[in-house]
Amino acid sequence: MKNDNEIFETLIAGGLVGAALGALVSGKKEGATLGAIAGATILATYKASQQAIQTNLPMYVEESGSLFEIQSGGTKKFIRKIEKPTLKLPEHFKLK
């Protein structure tokens, strides 16, 4: 499918750009790997979001502790309040 090919191209481009930025910022090879993953993830998420908008199905988003439904025409409807997770993640992770 053409859409699948576009997604793979986006992931590759995001990985390459992210790797270069990660290595530049951190100065370590681990930074390149994390940058590649982050770049690919960001671009794939953006591409998926754009494709979801084209389906004319409503999307659900969280903003400031509230859940909203966004219709394809852009109208936003409040659904309900939601609690933010209380899980505390460590500030630093050790890669092995």
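Nothing in this text is a laboratory measurement; each read-out follows from the coordinates by a stated rule. Quick caveat: nothing in here was measured; it's all calculated off a predicted structure. We place every Cβ from the backbone using ideal geometry, glycine too, and count neighbours over all the protein chains shown.
Once you put a point 7 Å from the Cα of Lys81 and another 7 Å from the Cα of Thr41, both along the Cβ direction, what distance in nm separates them?
Simple spin-label model gives 3.0 nm for this pair.
Order of 78-89, 40-51, 62-73 by packing, highest average Cβ count within 10 Å first?
40-51, 62-73, 78-89
Rounded, prolate or oblate, given the Cα gyration tensor of the range 53-96, with a/c below 1.5 counting as rounded?
In terms of gyration-tensor shape, oblate.
Give a residue-ordered list of calculated ³J(HN,Hα) values for the range 81-93 (Karplus: 6.51 cos²θ - 1.76 cosθ + 1.60, θ = phi - 60°; whole Hz; x for Gly, Pro).
For the range 81-93, the Karplus curve yields 7, 10, 7, 6, x, 9, 5, 9, 8, x, 5, 10, 10 Hz.
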